[in-house]
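As structure tokens, the structure follows; a few thoughts come after it.
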Amino acid sequence: RFPEAEFLFVGASDKMEMQKVPQAGYKIEGLWIAGLQRKLTLQNMLFPLKLMSSLWKSRKIIRKFNPNVVIGTGGFASGPLLQAANSMNIPTVIQEQNSYPGITNKLLSKKANAICVAYDNLERFFPKEKMILTGNPVRQDLLDVDHKRSEGIGYFKLDSNKKTLLVLGGSLGARRVNQLIAKELDFLLASGVQVFWQCGKLYYDDYQHFNERENVQVVAFIDKMDLIYAAADVVISRAGASSVSELCLVG
């Protein structure tokens, strides 16, 4: 709708978005920020310093880019970035993907101009007058996966004569999903399927040896979600907000 609009992403400097966003053709700035752990750690002790550093850099980024609006999705970088935008009187928007919001979005909602939500009945968390029911945004290329099955099978080098089980654990991975697939892999293969297993960045080293098995592919990340959805016959997935929304669309 706005072909001349410019976008700048801001993320946590040690997270996957620092590689994936430039690969998609967009600019990104990184903040030295991370979440709090549930126990006393060095990272927790550094949190006040990280927060101050990120607030300072956020103001610097905003002054340089001069945005009309700043959008936060609840990630680690959203907190300092939207706080800085609020202090500079720049409109802010929150996009809440989940049915139960995280603490960052709940705190930011007090000063946000609008809150885009995926589900009804979030009035107990956010001011009703600010909420807009938008659903979750999904990739445009997922709208026509029905016509991409042959392309997907070829791209991922799958056997067109076998049913494909797709396992999704999210970008970082889902520990319990990975454990269950590893435990039941012999049973799954004995049923005649091939397994395409996205185990996540945190668990790839632990599970990559399963690539030695016939009819098994283990990857940390999937770059062409439209094609793997098109090739899959059955999906076992972690119930992340994006995954649920995408599966509702392609299922």
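Every number in this text was worked out from the coordinates using simple rules, so none of it is lab data. This structure is a prediction, so every number in the text was calculated from the model and none was measured. When we count neighbours, we look across all protein chains shown, and the Cβ atoms used for this are built from the backbone with ideal geometry, even at glycine.
Here is how the numbers come out for the structure above:
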item	result
Coil-residue GluC sites (Glu not before Pro) of the range 173-251, DSSP, other Cβ within 10 Å capped at 12	214
Principal axes of the range 77-194: Cα extent on each, largest first, Å	58, 33, 27
Proximal aspartates and glutamates to residue 128, defined as alpha-carbon separation beneath 12 angstrom and excluding residues fewer than eight positions away on the same chain	120
The range 127-148-the range 173-199 distance, computed between alpha-carbon centres (Å)	29
Candidates 238, 139, 59, ranked by Gaussian network fluctuation over the chain, Cα under 10 Å, top entry	139
Neighbour-count order for 248, 116, 199, fewest beta carbons within 10 angstrom listed first	248, 116, 199
Order of 2, 7 - criterion: other Cβ atoms within 10 Å of each residue's Cβ, fewest first	2, 7
Between the range 69-116 and the range 21-35, the alpha-carbon center distance in angstrom	17
Choice from 194, 95, 43 with maximal GNM fluctuation in the chain (Cα, 10 Å cutoff)	43
Cα gyration tensor shape of the range 174-251, rounded if a/c is under 1.5, else prolate or oblate by comparing a/b with b/c	prolate
Whether the range 132-225 is rounded, prolate or oblate, judged on the alpha carbon gyration tensor where a/c under 1.5 counts as rounded	oblate
The range 3-53: trypsin sites (Lys or Arg not before Pro) in DSSP loop, at most 11 other beta carbons within 10 Å	38, 39
The chain: DSSP helices with Cα axial extent of at least 15 Å and average Kyte-Doolittle hydropathy no lower than -0.5	42-65, 175-190
Square roots of 5 times each gyration tensor eigenvalue, C-alpha, the range 8-133, largest first, Å	23, 19, 15
